[in-house]
Amino acid sequence: MTNPFHIPAVNALPCGFLELDAENRVLVWNQRLEQWTRRTAGEVLGRTLADLFPEVSAMEKVLAAVRRSGQPQVLSQILHRYFLPVPLPANHLSGFPYMQQECCVAPILPRPGHVAVTITDVTSHVVGQARLKALHRELAVAKEVAEAASRAKSEFLATMSHEIRTPMNGVLGFVELLRGTALDAEQKAFVDTISHSGEMLLRLINDILDFSKIESGKLVLESISFDAGRLARDVAGLLAAQAQSKGLRLEVRVPENETLGVSGDAVRVRQVLLNLAGNALKFTSSGGVTIDLSMEPGTVPGADGVAGRVLRFSVQDTGIGIAPEKIGVLFQKFSQADSSTTRRFGGTGLGLAICKRLVELMGGVIGVESQPGSGSVFWFTLPVSAEVSVADLPPGQVESSDRPTFPVVPAAGCASSGSGPRVLVADDNATNQILAVALLRKLGCTVDVAGDGRQAVEKVEDGDYDLVLMDCHMPVLNGMDAVKEIRQRQARAAARRMPIVALTASVLPEERVGCFEAGMDDVLAKPLRAEDLRRVIGQWAAPGTPRQP
Amino acid sequence: MKPDCNIAQRETLDALLELVNIGVGRAAASISELCSRPVGLAVPDIEFFNIEEPSQIINLQRGTTVRVSQSFTGALSGHALLVLNQTGACRLGELLLGAPSAVDVFDENEQAALLELGNIIIGGVVGNLSDQLGSPVFYELPQLQLRGISGFVDLISDLVAPDASRVLLMQASLTIATESISGYLVLLFTRDQLAELLARLEASISIP
């Protein structure tokens, strides 16, 4: 039998094509099917599917359904195996014994009962997608593992930084005490060196802690109203002595008649500006540093493309400048433009990486323009979500965001005889105990010591203290639980509420919150410093401080 | 179903719901046979929404990952859609193929199986409606679109006729091996086909 539809168009199809009559006899069999099945049209035409391929009898149900409904039906490989068995070579790369097929059976409406079947070879497609899918799974697992490792590393760093801060408390505290004793010039120089090295180490630890907090997603940004102009002037004030000692000019240029009261995280903005301006001074030996502020057009954060305003800070110096090829690595962690820079100027290489992440967390952009020998301009922008009139801000708003200002009792205000406030120090670490006692005595306080939380509860029960300094992590009974018990006992006895200040080397916000929830009145971060203790005494235990009922 | 329709409309909608359920019941039987496990398919609710009020469309679009669409002409003209969310489509793929599926990608086999499933369900529903009307319906080839993977595909704006105003929305519940997977069946009719369908249904059930 000859193929009546053996026309070039059907043979040119890249898929198999056949037509069946109402009795499933083959009427059209194109060349692609001849190649696949090694059966010529001459052998096939006029014979039924069941006769030709007994193993595909299940397809007769599909064909009947299509004829009955008139609806074309797509047949998936996975649910039907195949329409026609097309064996693949035993060594075929896919590993499949038969060609993977995508098939469509459609009624040929002008000829009742006739159906057209197209068969597409999707073997390589299925294999490729299976490989892609496997790769996708592997990538997802690898990403998960990498992220978990990164989180673990950041948590490890945060923990280690915290642990290192505790002994640093002892080193820096005792250096401060030592400085107050009679020292000759050489000894004073040694003490200054220890103090300077300790401060540097503390800055490094703080940088690592900051960075690991950002990396592990634990950094929480605040949103408070602040005066950006004032913030810039404060930063300049902090660096004025450093500029003066190097004979450098340091100025702040804030546009007049421009509202620079904004809402955001003032502490982090100040941290970034301080870092950039501090770097500028560090790398400048003559000339000066200028901090410029301006409001510029930008986009509203979170509203794609909506016009808004951005606050731009720039720090221009007349320093050594940076080679173009070094600029790309500047904002990467542990990187400085030149490895010799570390030896010459110091620094951890973390500062700019932290700045970049902080600015990006706040929705801004950071960048630099520089030429070797011509100085640099480091800048960052921050989207302004809400502008606040400077006149509306309370005095000292900027300071209050970083370190609250409280009435301070001058050192002279506390008698050194120990006639000042009675303070209980609860800390299990002997070094910390000695340091706290020494510092408090210098402030004129009478000091008692408890070695764990249980002892602290008992001493509070027996003694009438003006203030309790409570370490959070102690054996027997930890600081949090000790405070809870003290508060319960005070409530039962209707006794006055004794001020309790937490001592903690942790700077995590959740620990601070935990302290207040446990019943603490304030939190003092380790390492302990005389000025912080003085501030706390002034606020909670100064003579004349009303005792809370 | 709209609670504010009158008794005659309610009877018509009940009849429509019953016809749809007979259609999906037939589809379920075919699917059961294909995947050799019990498959239940039901449309518990049916409602209309206006194309001019896009809140329902937006809700559907947000939750939809897979769309199987098939156009038809004849006694009824329009487009039928089976839409599934990502979780439902993945689980359906797993149950049909008997192999674990990735949560956010569909390979050739899964796409083909989902296309065939949609093809069968749409055929069951539209076929039964056309049988009821006693007039043939002619189908185009079904298509599968993945959304959120190969870019955002508008759920219906590429299919809806410029003068169409109302869409028939059916909530579908597919049960395979005791697991229930929810999806939606959407029928988009050209011009006044929906009103005509309801009128013919009403006429066919009216008591002389």
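The values are calculated or read from the model by the stated rules, or taken from the named source; none is laboratory data. A quick note: this is a predicted structure, and the numbers were derived from the prediction, not measured. Positions of Cβ are generated from backbone atoms using ideal geometry, with glycine treated the same way; all protein chains shown enter the neighbour counts.
Across segment A:109-138, which residue is nearest to A:E23 (Cα to Cα) among those that are within 11 Å of chain B (Cβ to nearest Cβ) and assigned to a loop (DSSP other than H, G, I, E, B)? Going through the qualifying residues, I end up with A:L109.
Exactly one residue among A:L88, A:L45 is more than 14 Å from chain B (Cβ to nearest Cβ) and in contact (Cβ under 8 Å) with a residue 40 or more places away in the chain, and that residue is A:L45.
Among the residues of segment A:66-74, is there at least one that is part of a loop (DSSP other than H, G, I, E, B), under 60 Å from the mean Cα position of the chain (by Cα) and farther than 16 Å from A:C103 by Cβ? So far as segment A:66-74 goes, yes, one or more of its residues are part of a loop (DSSP other than H, G, I, E, B), under 60 Å from the mean Cα position of the chain (by Cα) and farther than 16 Å from A:C103 by Cβ. Give the residue that is modelled with the highest pLDDT, with candidates limited to residues of segment A:48-85 that are surrounded by fewer than 13 Cβ atoms within 10 Å (Cβ to Cβ) and away from chain B (no Cβ under 13 Å). Here the answer is A:D51. Selection of segment A:422-435 for residues being at pLDDT below 85 and either of a type in the set (A, V, I, L, M, F, W, C) or not in a loop (DSSP other than H, G, I, E, B) (or both) yields A:A430, A:T431, A:N432, A:Q433, A:I434, A:L435. Kindly indicate whether any position in segment A:93-108 is more than 22 Å from B:Q111 (Cβ to Cβ), away from every other protein chain (no Cβ under 12 Å), outside any loop (DSSP other than H, G, I, E, B) and free of Cβ contacts under 8 Å to residues at least 12 places away in the same chain. Checked segment A:93-108: no residue is more than 22 Å from B:Q111 (Cβ to Cβ), away from every other protein chain (no Cβ under 12 Å), outside any loop (DSSP other than H, G, I, E, B) and free of Cβ contacts under 8 Å to residues at least 12 places away in the same chain.
A Cβ distance below 8 Å, combined with a sequence gap of six or more or placement on separate chains, defines the contacts here; from segment B:114-137, residues that are closer than 16 Å to A:V105 by Cβ and within 10 Å of chain A (Cβ to nearest Cβ) reach no residue that is among the acidic types (D, E) and in a helix (DSSP H, G or I).
For segment A:199-217, residues that are surrounded by fewer than 18 Cβ atoms within 10 Å (Cβ to Cβ) and within 19 Å of A:R529 (Cα to Cα) total 7.
In segment A:264-274, the condition of being assigned to a strand (DSSP E or B) and within 24 Å of A:F211 (Cα to Cα) is met by at least one residue. Checked against the criterion of being part of a strand (DSSP E or B), of a type in the set (F, W, Y), at pLDDT 80 or above and touching an Asp or Glu at 6+ places or on another chain (Cβ under 9 Å), the candidates A:F313, A:F380 yield just one match: A:F313. Remark: pairs (first residue in segment A:446-464, hydroxyl-bearing (S, T, Y); second residue assigned to a helix (DSSP H, G or I); Cβ separation under 9 Å; 6+ apart in sequence or on different chains) = A:T446/A:L440.
A:L250 falls short of the stated requirement of being hydrophobic (A, V, I, L, M, F, W, C), within 29 Å of A:Q332 (Cα to Cα), surrounded by 14 or more Cβ atoms within 10 Å (Cβ to Cβ) and out of contact with any Gly (no Cβ under 9 Å at 6 or more places or on another chain).
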